[in-house]
Amino acid sequence: MNTNDFQLPLFEGRWLRAEAPALRARAKRVCRLVVLALLLPLASHAQWQTQTNVVKPGWSAVYLHVDASYTNLDYLVGSDPSNPISQVWLWQPPSSVQFVTTPDTPSVASSQWSCWGRTGIGLPNTLANLVPNAAFLVYSVANTNYAWRVRGRPTAFSFTWSSAGLNFLGFPTPMANPPAFDSFVSLAPVLKDSNADIYQYNGGNLSSTNPSKIFNLHGTPVTRGQAFWMRNGTQVNTYFGPFTLDLQGPRVDFRDSSGQYSVRLRNVTATNVTVTVRLLASETPPGGQTNIVGVPPLLLRGTQNMTNLTYSYTSLGIGATQSWVLPPAGQSGSDLQVVFGLNRYNLPGAPGTLYAGILQFTDGFGYSELNVGASAVVASSAGLWVGKASVSQVANYMKTFQLDTNGAPVMSPNGNYIVTSINTNLGAVASAYPLLLIVHNDGTNANLLQRVYYGQDPYSNAVVAVNESALAPAQLGTARRISAAHLPYSVPNKPWPMAGQFAQGTNLTATVALAYNDQASNPFLHTYHPDHDNLDGTFSMELAQGMESYGLQRQITLSFTAPGNDFNSLTGGGTTWGYYQESIAVQGFGGAQRNFNVAGTFSLNRISSTARLTGP
């Protein structure tokens, strides 16, 4: 055989002889988009599961439910000398009508196949990776069955049926005790009451009887991981199991900021279907992938308390299950929203630590097993946090005086009433007072700000800055300035460092000093009032502290506390709250000072993960 030629088996058992350069060019054009997509790097936030496929000697059809695109076929198959698979072909029909009337044959001349082969086979290798929800034809040179174990990310089942021809697909049936075809389709009238054509591969060479049509539906199991050619006349089939699972993406991924994830369960049959979810542990990640420290602490949202509008919850620990009975399709309750939550306050570890597991959905008939990855990352507290304090308590200054036997106050020799005690306890106010809080945390140190600018810099990067000059002039229309009016204004806008750590169970404390002669911010000063302008009668000399104005020193403490025991509080990603305390020292003449204390609660929401605070 010429080195510029190669041979491929066709359905009829004949050989195709072609010029390699031309076919390589054609295959490259056909598979360009797919190859580019498959070569994209895999996100590190992954959970892992092994799918075992029985590969017969010769040709077998495999349907993958896991995503193994983190590596390529050269490594996954080609680097393993004990693996007898020599060719892998991906069925990749056009997005338009297929017009496949007989089981198609792998061929580089077909626009519906991309391929990979071991060195020396002579294939153009237009297939780089194994993708999920796809049917593959594989060729084994072994003389016995081979258990091909493919480790990847479990991915929600997805398939679009074509009524214009044959479909090459598999079904998400249980790995153990899969149902027979007649039982499996018994709940789907569109398949049960029709003469559907179903073909399967028997191993060996391709021929007019391989793949062969299945006539005995009762004796043929719907084996998970096996691909079948299937057609149902001109009817569109939407049945791949008794229920469907609709996700916001291919996996339940909370990443480092989300706390809730909604899925929908839909009964597609005319009878009740019980759906059960179970949380499973992830397998050990392959080499080079992010380490997984444990299963994420998941919650299931329960009923709402109409008194305080909070939701109850149920913890879904590893191995735990939760079930729902879905009425027949079209009836009330047959389409159910299920909200999963992540208890971010039970997620220990350094920022970036990965937790991952698998949500396994099954039905009461034993017909479906849908495995979906669930992952979360320990969040960093770095970034810009904005919220408010609600001052709801003020310290009393109530004096108790000594009384005589007649109940009259007793006076001291110098003519003053005798004070026996002073009550400085906190007391509730009639109406809470709001104070805006702006805190930036770089991951190590936190700062309190009077104002902050948030937008894009001249290089289109997100920027958090103390001055507007850091923003791109052309992007000021989309930028934002956030100001806290209760904090003293200054042109440099220098932040106040906060002592402590930005973490649950700790405190952050900032000391804010306000000079007695600060005309811009001191509330005791009225610049144009002669009695409160801090000037003498001739308006030429500034008076000392305590004469007309007082200095202020505010010690603000944020104490981070545990959230409330309800679903929304526990899953509040990017939100933190706690106890607000402030001690206000009013400084007068000659060092005289009076302290006032207030308290309340606070909440902060992270609006930017930018860890750097850009200065002047």
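The values are calculated or read from the model by the stated rules, or taken from the named source; none is laboratory data. None of the values given here were measured: they were computed from a predicted structure. We place every Cβ from the backbone using ideal geometry, glycine too, and count neighbours over all the protein chains shown.
General remarks:
- Residue in region 540-559 that is surrounded by 16 or more Cβ atoms within 10 Å (Cβ to Cβ), within 30 Å of N343 (Cβ to Cβ) and acidic (D, E) present: no
- Scanning region 461-480 for residues that are in a loop (DSSP other than H, G, I, E, B) and under 27 Å from S559 (Cβ atoms) yields a single hit, V466.
Okay, residues lined up against (1) aromatic (F, W, Y); (2) part of a loop (DSSP other than H, G, I, E, B); (3) closer than 28 Å to Q501 by Cα:
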{"site": "G415", "(1), (2), (3)": "no, yes, no"}
{"site": "S421", "(1), (2), (3)": "no, no, no"}
{"site": "Y433", "(1), (2), (3)": "yes, no, yes"}
{"site": "Y459", "(1), (2), (3)": "yes, yes, no"}
{"site": "I482", "(1), (2), (3)": "no, no, yes"}
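- Residue among L137, L90, L166 that alone is assigned by TED's automatic domain parsing to the domain that holds A61, aliphatic (A, V, I, L, M), in contact (Cβ under 8 Å) with a residue 24 or more places away in the chain and closer than 23 Å to P286 by Cβ: L90
- Condition broken by S609, with the remaining ones in (1) touching a residue at least 40 places away in the same chain (Cβ under 8 Å); (2) over 53 Å from the mean Cα position of the chain (by Cα) satisfied: (2)
- Counting only residues that are of a type in the set (A, V, I, L, M), surrounded by fewer than 17 Cβ atoms within 10 Å (Cβ to Cβ) and under 11 Å from Q450 (Cα atoms), region 473-500 holds 3 of them.
- Residue in region 251-263 that is assigned to a loop (DSSP other than H, G, I, E, B) and without any contact (Cβ under 8 Å) to a residue 60 or more places away in the chain present: no
- Within region 456-472, being surrounded by fewer than 21 Cβ atoms within 10 Å (Cβ to Cβ) and either outside the structural domain of T506 (by TED's automatic domain parsing) or within 26 Å of the chain's Cα centre (by Cα) (or both) holds for Q456, S460, N461, A462.
- Candidate set: region 347-360, residues that are in contact (Cβ under 8 Å) with a residue 60 or more places away in the chain and surrounded by fewer than 22 Cβ atoms within 10 Å (Cβ to Cβ); chosen: the one farthest from N441 (Cα to Cα): Q360
- Looking only at region 189-213, and only at residues there that are at pLDDT 90 or above and assigned to a loop (DSSP other than H, G, I, E, B), the one that is surrounded by the most Cβ atoms within 10 Å (Cβ to Cβ): P211
- Check on N493, assigned to a loop (DSSP other than H, G, I, E, B), under 49 Å from the mean Cα position of the chain (by Cα), on the phi > 0 side of the Ramachandran plot and not assigned by TED's automatic domain parsing to the domain that holds N308: yes
- Flag if N167 is farther than 29 Å from A270 by Cα, of a type outside the set (S, T, Y) and touching a Lys or Arg at 6+ places or on another chain (Cβ under 9 Å): no
- Pick from region 595-616, criterion closer than 19 Å to Q555 by Cα and either in contact with a Phe, Trp or Tyr (Cβ under 9 Å, 6 or more places away or on another chain) or of a type in the set (A, V, I, L, M) (or both), ranking: surrounded by the fewest Cβ atoms within 10 Å (Cβ to Cβ): F596
- The single residue among N445, N343, N371, N441 that is modelled with pLDDT of 90 or more and touching a His at 6+ places or on another chain (Cβ under 9 Å) turns out to be N371.
- Filter result for S559 (more than 30 Å from Y311 (Cβ to Cβ), among the hydroxyl-bearing types (S, T, Y) and free of Cβ contacts under 8 Å to residues at least 60 places away in the same chain): no
- Complete set of residues in region 133-156 that are surrounded by 21 or more Cβ atoms within 10 Å (Cβ to Cβ) and part of a loop (DSSP other than H, G, I, E, B): T155, A156
- Extreme residue, nearest to A350 (Cα to Cα), among residues of region 282-327 that are surrounded by 16 or more Cβ atoms within 10 Å (Cβ to Cβ) and among the small types (G, A, S): G294
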